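One structure is given below, encoded as structure tokens.
The values are calculated or read from the model by the stated rules, or taken from the named source; none is laboratory data. Quantities reported herein were computed from a predicted structural model and do not represent experimental measurements. Here the Cβ positions follow ideal geometry from the backbone for every residue, glycine too, while neighbour counts run over all protein chains shown.
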Amino acid sequence: MDLAPVGLGTMGVDDPSVVAAALDVGYRHVDTAQIYDNEAVVGDGLAAGDREDCVVATKLWTDSLAADAVRAGTERSLDRLGLDRLDLLYVHRPRGDYDPATTLPALERVRASGLADGIGLSNFTLEQLRTASDSLDDIAAHQVEFHPFFRDEALLDHAQREDYPLVAYSPLAGGLVFEDPTIQAIARRHGTTPAAVAIAWVTSYDTVVTIPKASSRAHLEANLGAARLKLAPEDIDAIEAIDREVELFPE
């Protein structure tokens, strides 16, 4: 699946105008989830904007992962979003009612029925990815926490070897990038912001795209444009050498 380098993450978004503005400035990937409790808000924003060629993704929560609940859960999300088909449907976390032997075939049936174009995974371990590969025709995307202070090299390697997008959430590390002296120094050299540096670093990896959240039009435009920032090799090396590991959303 082809995904734009920067999409819109919507966790915490409660105003449809944010989504409509994102579409207006050029976003073509909008990501939500059942557990965010805002699919209807996102749907209203999609209806108010031009969503032509826009990938719309949502994620089934753990209580919609039993084999007999997958289709009904998908249909509820579609109803809230005001859509008849999803571009990308994720397993949000492999927990709760998730069973790879039954959940994933149920998701394949949802795809075969035309309710979703691609089946993605989120927050899977490498072992869980390998198991899932046995039951899925292909992995459309894998969404994981990925930012200058935390990345899983094994998951990155798997995405690159199997040629599917790794979708990086929390690329700004919950605001920590604004406080880091290394990232601040790189931003000063490029005449830009720490946020732009972090997004440019994330999207510098082959197959990695990202979905930062933003609310104001200025931040939406800045995040979208950050993927065009070209960091020097020494900038990338400096970020990768940061001696800090902070996982914001551990299992």
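In region 87-100, the residues that are of a type in the set (Asp, Glu) form Cβ pairs under 9 Å with partners that are surrounded by fewer than 23 Cβ atoms within 10 Å (Cβ to Cβ) and modelled with pLDDT under 95, at six or more places apart or across chains, as follows: Asp87/Met1.
Note on region 228-251: residues that are touching a Ser or Thr at 6+ places or on another chain (Cβ under 6 Å) and modelled with pLDDT under 95 amount to 2. Exactly one residue out of Met1, Met11 is modelled with pLDDT under 95, within 29 Å of Glu162 (Cβ to Cβ), under 19 Å from the mean Cα position of the chain (by Cα) and not hydroxyl-bearing (Ser, Thr, Tyr), and it is Met1.
For Ile199, indicate whether it is among the β-branched types (Val, Ile, Thr), within 14 Å of the chain's Cα centre (by Cα) and buried (at least 23 other Cβ atoms within 10 Å of the Cβ). It would help to see each step written out before you state the result.
Details: among the β-branched types (Val, Ile, Thr): yes; within 14 Å of the chain's Cα centre (by Cα): yes; buried (at least 23 other Cβ atoms within 10 Å of the Cβ): yes.
Spelling it out, Ile199 is indeed among the β-branched types (Val, Ile, Thr), within 14 Å of the chain's Cα centre (by Cα) and buried (at least 23 other Cβ atoms within 10 Å of the Cβ).
Of Leu46, Leu86, all but one fail to be under 26 Å from Leu129 (Cβ atoms), surrounded by 20 or more Cβ atoms within 10 Å (Cβ to Cβ) and of a type outside the set (Ser, Thr, Tyr); the exception is Leu86.
Of the numbered conditions (1) touching a strand residue (DSSP E or B) at 6+ places or on another chain (Cβ under 6 Å); (2) surrounded by 20 or more Cβ atoms within 10 Å (Cβ to Cβ), Asp117 fails exactly one; give the number of that condition. Every condition holds for Asp117 apart from (2).
Among the residues of this structure, Asp97 does not count as one that is modelled with pLDDT under 95 and either of a type in the set (Lys, Arg) or more than 21 Å from the chain's Cα centre (by Cα) (or both). Yes or no: Ala168 within 14 Å of the chain's Cα centre (by Cα) and either closer than 22 Å to Ala214 by Cα or modelled with pLDDT of 95 or more (or both)? For Ala168, the condition - within 14 Å of the chain's Cα centre (by Cα) and either closer than 22 Å to Ala214 by Cα or modelled with pLDDT of 95 or more (or both) - is met. When region 47-82 is filtered for residues that are in contact (Cβ under 8 Å) with a residue 24 or more places away in the chain, outside any strand (DSSP E or B) and farther than 22 Å from Thr103 by Cβ, the ones remaining, listed by number, are Ala47, Ala48, Gly49, Asp50, Arg51, Asp53, Cys54, Gly82. No other residue among Leu166, Leu172, Leu220, Leu248 is of a type in the set (A, V, I, L, M), surrounded by fewer than 15 Cβ atoms within 10 Å (Cβ to Cβ) and either closer than 29 Å to Val19 by Cβ or in contact with a strand residue (DSSP E or B) (Cβ under 9 Å, 6 or more places away or on another chain) (or both) apart from Leu248. Of all residues in region 186-231, those that are part of a loop (DSSP other than H, G, I, E, B) and among the basic types (Lys, Arg) total 3.
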